[in-house]
Amino acid sequence: MTFESITDAQAEANLVTAEAKFQPNLAGRYRLDAIFKAATIAATTIAIAVLAWLMFDVLLSGVGSLDWSFLTSFPSRRPEQAGILSALVGTGWVMFLVAVFSFPIGVGSGLFLEEFSDDNWFARFIEINISNLAGVPSIIYGLLGLTAFVIILGDWTGGRSILTGALTLTLLILPIIIVATREALRAVPDSIRQAGYALGANSWQVIWSHTLPTAFPGILTGVILALSRAIGETAPLITIGALTFIPFLPEGPLDPFTVLPIQIYNWVSRPQKDFHDLAASGIIVLLVVLLVMNSFAIFLRSRFQKAR
């Protein structure tokens with residue numbers, strides 16, 4: 001027997017041993033896959049069931065007091081006369097100003113950090129802080145808004161006004177919009193940018209005509225999530241001094257205000273059952289406003305996707 005045949009036999013034996021050693025346990029893998037699939041289905045079913053039960057309970061309690069008078073009346077100490085008009089108008093004012101402030105600032109910041117800024121220590125420092133700010137509790141933003149917009153800049157913001165509330169909520173959701181904008185821009189293929197440069201366009205022309213339209217559906221998704229969080233926030237607005245009882249309509253951004261979550265919280269905190277039913281009606285109105293706002297944003301996103 002030659003040396004070459006011995007070497008070949010040894011190599012073949014080592015190969016057989018390696019194949020036997022690393023033979024995948026397919027049956028065990030399929031079993032774990034089935035267990036994981038069953039666990040995810042069970043978790044999803046439980047979450048949907050709890051949500052459906054909560055929605056049914058809210059509808060059952062709130063439909064009885066949900067009428068036109070409820071939508072067109074001011075809050076009252078008498079539950080049969082109480083309405084949600086001032087809170088509904090205040091929510092509209094606040095969310096309009098939040099969208100006006102947060103969209104250009106958030107998208108512009110994400111665009112600058114992703115497309116124009118250099119990879120240096122200052123840019124990395126900003127990125128780390130933006131990621132950390134996205135997880136800061138909302139009450140901290142309320143304290144910041146109280147100090148900055150009520151105490152320091154109160155002469156310009158009107159103190160405890162709609163403008164102050166909108167600026168505070170803008171600070172709250174800016175990190176979400178910035179992160180979503182950057183992720184949407186990163187998802188744009190480099191070939192689209194290179195095609196623009198090949199046609200002789202400069203950086204801003206490529207971004208405006210190629211990169212931004214392609215990333216805009218993803219940016220709108222982040223804006224939808226951010227505004228959905230802002231419309232349900234209560235702690236920052238209570239901290240800056242939003243009213244819990246307001247029997248008039250705000251006429252401008254410098255007027256006092258209340259919003260739907262604060263009005264709902266006020267009714268829930270009262271011991272009478274009639275006020276609890278009013279709170280359920282307020283929750284229904286808040287959900288409808290949220291669905292209308294999100295539907296409009298989703299419609300815009302679909303239009304941009306089709307245009308692309």
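The values are calculated or read from the model by the stated rules, or taken from the named source; none is laboratory data. Just so you know, these numbers come straight off a predicted model, no measurement behind them. Because the Cβ atoms are built from the backbone with ideal geometry, glycine has one as well, and the counts that use them run over all protein chains shown.
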Of the conditions (1) touching a helix residue (DSSP H, G or I) at 6+ places or on another chain (Cβ under 9 Å); (2) buried (at least 17 other Cβ atoms within 10 Å of the Cβ), residue 139 fails just one. Which one is it? (2)
Whether any residue in the stretch 45-63 is within 30 Å of residue 220 (Cβ to Cβ), touching a residue at least 40 places away in the same chain (Cβ under 8 Å), surrounded by 10 or more Cβ atoms within 10 Å (Cβ to Cβ) and β-branched (Val, Ile, Thr) is what I want to check. yes
What number of residues within the stretch 126-148 are free of Cβ contacts under 8 Å to residues at least 24 places away in the same chain and not in a loop (DSSP other than H, G, I, E, B)? 8
Helices (runs of 4 or more DSSP H) (entirely within the stretch 3-95) containing at least 1 residues that are under 26 Å from the mean Cα position of the chain (by Cα) and modelled with pLDDT of 85 or more: 26-62
